[in-house]
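Please read the structure below before turning to the comments.
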Amino acid sequence: VKQDGRNSYAFYTESLTQESVAKLKLQSALHDALELNAFHLEYQPKISFRTGDVVGFEALLRWVDPVLGSISPDIFIPLAEKIGLIQDIGRWVLKRACEQGQRWRKQGVSFGRIAVNVAGQQIQRSSFVDEVAEILKQTGLPASSLELEVTESCMMSNPELVSQDLAKLGQMGIELSIDDFGTGYSSLSYLKKLPLHKLKIDQSFVAGLPFDTHNTAIAKAIIAMGHALNLQVVAEGVETQAQADFLKDNHCDHAQGYFYSKPKLVEELTAFLIADDRV
Ligand code: C2E
Ligand code: CA
Ligand code: CA
Ligand code: CA
């Protein structure tokens, strides 16, 4: 709402629908969230189909506003991108996740890699590589314990710059995953050019397994293509034994989903990790 003169203010206020009032409340709450300490992370394990071991964790951001309550990242991440907050929030997530990884290392807990979601706007910034290097230095986490998950669409606006930066991150020892693979309408040519390590089959394709003929074909095709390109293939949103069996039989490498574990708070996980010698 613009407040340049009483009349225009009144005009805008009157024309606001309830929905846009709710949106504005959400926006202003999001502006305050970092300062209010209203964010925290949860971690969801990734499991090797071959060995059953935990090979890593994905950090997932949670926002609990003191007034509005818990809000889904599917709502507030796109909003943060829209109103220019994603840089600060993204840096906070990366720092927190790296700190946690380092804490686990100091506790002698082996956790594989910590995967952090990176928004397109973050990676398109020329300072992104330096920011990542700086956070690794500050926290002491080795690059070999970090993985970044990026979506297909984040390469599209400036593919040259993004692929150069991804190459630098890869050279540092960070692994790179393409998230939500198959939903981005992008050309496949970049897959060959980029220093990628993993493809994550989007959960919308996993959902129909093993009965939906469409999704079984897509899942098999993604696994075959990933392996042909020397990439590991991760299935997300695995919820049932039948889905897990299908994916394992079709040589998918890693699984993530409620069938194994929901995303959890560190306090819940640390006990589990220390108790579990296989990890
Ligand atoms: P995503 O990166 O594709 O993350 C996977 C989402 O699927 C997570 O939702 C996770 O909780 C959920 N999930 C995991 N296993 C299952 C399952 O078996 N069944 C079902 N139905 N869902 C499952 P979440 O945590 O609500 O996050 C939603 C999206 O928000 C993420 O999708 C990601 O795109 C975004 N997001 C979350 N945290 C961050 C962050 O720190 N930075 C950025 N840029 N985006 C984030
Ligand atoms: Ca992800
Ligand atoms: Ca995903
Ligand atoms: Ca998703």
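Per residue, the accessible area of region 214-274 comes to 50 Å², computed with a 1.4 Å probe over protein heavy atoms only. Heavy-atom surface analysis with a 1.4 Å probe gives region 47-99 a carbon and sulfur content of 54 percent of its accessible area.
Site pair Ser20 and Asp245 shows an inter-label distance of 5.4 nm when each label is modelled 7 Å from Cα along Cα→Cβ.
Using R0 = 30 Å, the C-beta based FRET efficiency linking Asp130 and Lys193 works out to 0.85. Counting only alpha carbon atoms, the long axis of helix 73-82 and the longest principal axis of the chain meet at about 60°. How large, in percent, is the carbon and sulfur part of the accessible surface of region 204-258 at a probe radius of 1.4 Å? Heavy-atom surface of region 204-258 belonging to carbon and sulfur, 1.4 Å probe: 53 percent. In this simple spin-label model, placing a label point 7 Å from the Cα along the Cα-to-Cβ direction at both Ala228 and Ser163 gives a separation of 1.9 nm.
Determine Rg/Rh for the chain; Rg is computed over alpha-carbon atoms and Rh is the Kirkwood hydrodynamic estimate from the same atoms.
Values: Rg = 20.3 Å, Rh = 20.2 Å.
Ratio of gyration radius to Kirkwood radius for the chain: 1.00.
Taking a sphere under 9 Å around the Cβ of Pro45 and counting the other residues whose Cβ falls inside, with K and R at +1 and D and E at -1, yields a net charge of +1. Excluding same-chain neighbours fewer than eight residues apart, the lysines reachable from Lys198 by a Cα-Cα span under 19 Å are Lys46, Lys168, Lys220, Lys248.
Per residue, the solvent-accessible area of region 144-185 (1.4 Å probe, heavy atoms of protein chains only, all protein chains present) comes to 41 Å².
Annotation: Met155 carries an accessible surface of approximately 10 Å², with a 1.4 Å probe and no ligand, DNA or RNA atoms counted. In the elastic network of the chain, a GNM with C-alpha springs shorter than 10 Å, the most mobile of Leu146, Leu199, Leu265 is Leu265. With both labels modelled 7 Å from their Cα along Cα-to-Cβ, the His31 to Met172 distance reads 3.2 nm.
For region 44-119, the per residue solvent-accessible surface stands at 43 Å², with DNA, RNA and ligands left out and a 1.4 Å probe. Legend: residues Val93, Val67, sorted from most to least accessible area (1.4 Å probe; ligands, DNA and RNA excluded), read Val67, Val93. Largest GNM mean-square fluctuation among Leu148, Leu188, Leu61, using the chain with Cα springs under 10 Å: Leu188.
At 0.36 nm per residue, and after removing the present C-alpha to C-alpha distance, how many nm does the segment from Asp53 to Lys264 gain when stretched out fully? Mind showing how you got there, number by number?
Values: separation 211, 0.36 × 211 = 75.96 nm, distance 1.73 nm.
Extra length available between Asp53 and Lys264 comes to 74.2 nm.
Note the per residue figure in Å³ for the convex hull of the C-alpha positions in region 75-158. Before the final figure, lay out the partial values.
Working: hull volume 8.3 nm³, N = 84.
About 99 Å³ per residue, rounded to a whole number.
The values are calculated or read from the model by the stated rules, or taken from the named source; none is laboratory data. Keep in mind that this is a model prediction, so the values were computed, not measured. So basically every Cβ, Gly included, is an ideal-geometry build from the backbone, and we count neighbours across all protein chains shown. These area figures cover heavy atoms from the full protein model, side chains too; ligands, DNA and RNA do not enter into them. Shrake-Rupley method; radii C 1.70, N 1.55, O 1.52, S 1.80 Å.
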